[in-house]
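To start, the structure under review is shown below, and the notes come after it.
Bear in mind that the values in this text are calculations on the coordinates, not laboratory data. This structure is a prediction, so every number in the text was calculated from the model and none was measured. Cβ placement follows ideal geometry from the backbone for every residue including glycine, while neighbour counts extend to all protein chains displayed.
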Amino acid sequence: MSHQESQPNLADYEQEYGSFEWDQLYAEADWSAPDELNIAHETVDRHAAATPERTALQYVGADGEEETVTFADLAAESNRFANVLDDLVDRGDRVFSYMPRVPEHYAALIGTLKTGAVWGSVNERFGPDGIAYRLDDCDAKVVVTTTGNRDTVAEAMEQIPSVEQVIVVDDAEGAARDGDLDYHEALADAADEFETVRTSGEDDALLYYTSGTTGPAKGVLHKHRWVAGVAATQQFAVDLRPGEDLYWSTGDLGWLTGPINTLGAWFWGTPLFTYEDEFDPEAWAKLLDDYPITVLFSVPTAYRMLREHESVLGGVDLDLRHALSIGEPLSAGVVEWGEETLGVTIHDTYGQTETGNMVINNYPSMELKPGSMGRPLPGVEAAVVDPETGEVLEPGETGEIAERGDYPCFFAGYWEKPDKTADCFVDGPDGEWYLSGDLGHVDEDGYFWFEGRADDVIISSGYRIGPFEVESALGEHPSVAEGAVVPKPDRQRGTIVKAYVRLVEGTEGTDDLKEDIKEHVRNELAAHEYPREIEFVDELPKTVTGKIRRTELRDRTEDPTAD
């Protein structure tokens, strides 16, 4: 039976959602009881014992270097790291990484969890101030990095009194500092056996920081029970088939999406593919041609760029059977492009650092409505609620997307910020809800539809306009690579919709083209939603995760002289 013909893991959404229990997942996975649970054991060591030669990680470096890491290899390497780390930290201490997608990064993650320490990571796109803030906020004790990143870490450490040790992986791009531990030298002298600390599902495991685009970043704490939730997502939404798939999740361990897909895949014993370098359409096309990658998980920006440069996919022999996206809603046009060019439907998923996982998804067995977020993960109760009263709204009514339940991925709280944690919850008539800060609505079929962040909605002439619909319509114009819309003050209407548009390469930005784009959006949507003003730009400002920084665009719109 081919991949395309085989039945999805979630064959009947309604039946599974109505009957799902978390104890059922534990039984199916034959894993330890939640009262004695360690993520490292569940994702690596039990597979190293049962199927030691199975591939855990297929690595391709920026220079084309290849390395295949088995579960036995990963267990032994992480044991060595744990033995080194065990002399440096106590249970519950924070260990952070700042490094690329290299095999040592994954071994450090698993090894840290084996010691009972708490793992966190900072994406390489952050500079010294971003590193310093996060490590200082949680009193991190150890940092794992590369020689190429060592100068940046050193600059950050001038502001951090808590860090006692830096462990450095030599990548031939920089130099270690006095007092650093050389990763490979230290591990060469360490034993390859280690007794994993007996943690419970309620012990601290992961500390990841929000991106902090609307205020200081907050540390989001997750427990070892977190792994049960990501296992469910990888089973139902990612639809992993152990023994069949090679799974390329393009996310970095510097964001929680990285551990979600890495550890979720390993929970089921599925090999993970990773590429060290940043996104490049031609390089990605070659990787998809050279390796039997069956499941691809990436972000809308990457899919949009592949679509813009789809000629690189000409002649590529794809093994894909499933593709997913997270970060921002996918437009219908990108979904259609995926079906025509990649041969698969790109399934949108939705989650936050606080929810620890993707909690609303489109599933392979379910009818897909392009542009929709999908439906809740089995085991998660989701609704659109009034953020003031917690009352569940009727289908079609706009409110705040909210979740609740005994879902093991829900965060344990913001690091040492109980007031901020409490602000995320509202007591409703039928119980408490976690408020996402995202606006949306549910349709008559139970599908969720994203309308934007609460502070992104545009009110013009009394109409509420969500940016996503307008931006999706912009993106379907043949001359538009991507666009973003924000409110612009207007004496008559209060505000109007202003669009910042990046054109397809080689397109001339003329006044006639602006009018044509306006007309296109007006025809796609409604007369009150089209952008009354368009500005062509070379690039759109984005967060380090690739999301459009509408806050910056709003500031620029209100003050045209602002940088």
Net +/- balance of residues flanking Asp136 in space, Cβ distance below 15 Å, scoring K and R +1, D and E -1: -3
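Considering only DSSP states other than H, G, I, E and B, which GluC sites (Glu not before Pro) in the range 391-439 qualify as loop sites with at most 14 other Cβ atoms within 10 Å? Each step should come with its number before you reach the end.
Values: sites: Glu391, Glu397, Glu400, Glu403, Glu416, Glu432; in loops: Glu391, Glu397, Glu416.
Sparse-neighbourhood loop GluC sites (Glu not before Pro): Glu397, Glu416.
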So which trypsin sites (Lys or Arg not before Pro) in the range 409-511 pass both tests, a DSSP loop state and at most 14 other Cβ atoms within 10 Å of the Cβ? Arg491
Quick query: amide H of Leu435 versus all other amide H atoms, modeled in the peptide plane; which residues come in under 5 Å with a sequence gap of 5 or more or a different chain? Phe425, Val426
What is the order of Thr210, Thr115, Thr389, fewest Cβ neighbours within 10 Å to most? Thr389, Thr210, Thr115
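As a test of the formula, what do you get for the chain when each DSSP H run with n ≥ 4 contributes -39,500 (n - 2.57) and the sum is divided by the residue count, at 222 nm and rounded to the nearest 500 deg cm²/dmol? Write down the numbers at each step before the final one.
On the way: 17 runs with 157 residues, N = 563.
Roughly -8000 deg cm²/dmol at 222 nm, from the helical runs in the chain.
Grab the other residues whose beta carbon is less than 11 angstrom from that of Val442, score K and R as +1, D and E as -1, and report the net.
Details: positive: Arg375; negative: Glu394, Glu397, Asp443, Glu444, Asp445.
In short, -4.
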Which GluC sites (Glu not before Pro) in the range 235-306 pass both tests, a DSSP loop state and at most 15 other beta-carbon atoms within 10 Å? Glu244, Glu278
Sorted by chain and number, the residues with a modelled amide H under 5 Å from that of Phe536, at a separation of 5 or more or across chains, are Val501
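Taking K and R as +1 and D and E as -1, what net charge do the other residues with C-beta under 13 Å from the C-beta of Ile293 add up to? Mind dumping the intermediate values first?
Numbers: positive: Lys286, Arg321; negative: Glu244, Asp245, Asp289, Asp290, Asp317, Asp319.
Result for the local shell: -4.
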In whole angstrom, note down how far apart the Cα centers of the range 462-537 and the range 216-243 are. 37 Å
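Over the chain, how many pairs of lysines fall under 14 Å by alpha carbon, counting only those 8 or more apart in sequence or from different chains?
Details: Lys114/Lys223; Lys218/Lys417; Lys218/Lys420; Lys488/Lys498; Lys498/Lys514; Lys498/Lys518.
Lysine pairs, 8 or more places apart or on different chains, close enough: 6.
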Euclidean distance between Cα centres, the range 341-368 to the range 149-212, Å: 33 Å
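Name the helices (complete DSSP H segments) of the chain with a Cα length along the long axis of 18 Å or more and a Kyte-Doolittle mean of at least -1.0, or state none. Working shown, then result.
Numbers: long enough: 71-86 (22 Å, 0.11); 103-115 (19 Å, 0.03); 511-524 (20 Å, -1.96).
Membrane-span-like by this criterion, though nothing is claimed about a membrane: 71-86, 103-115.
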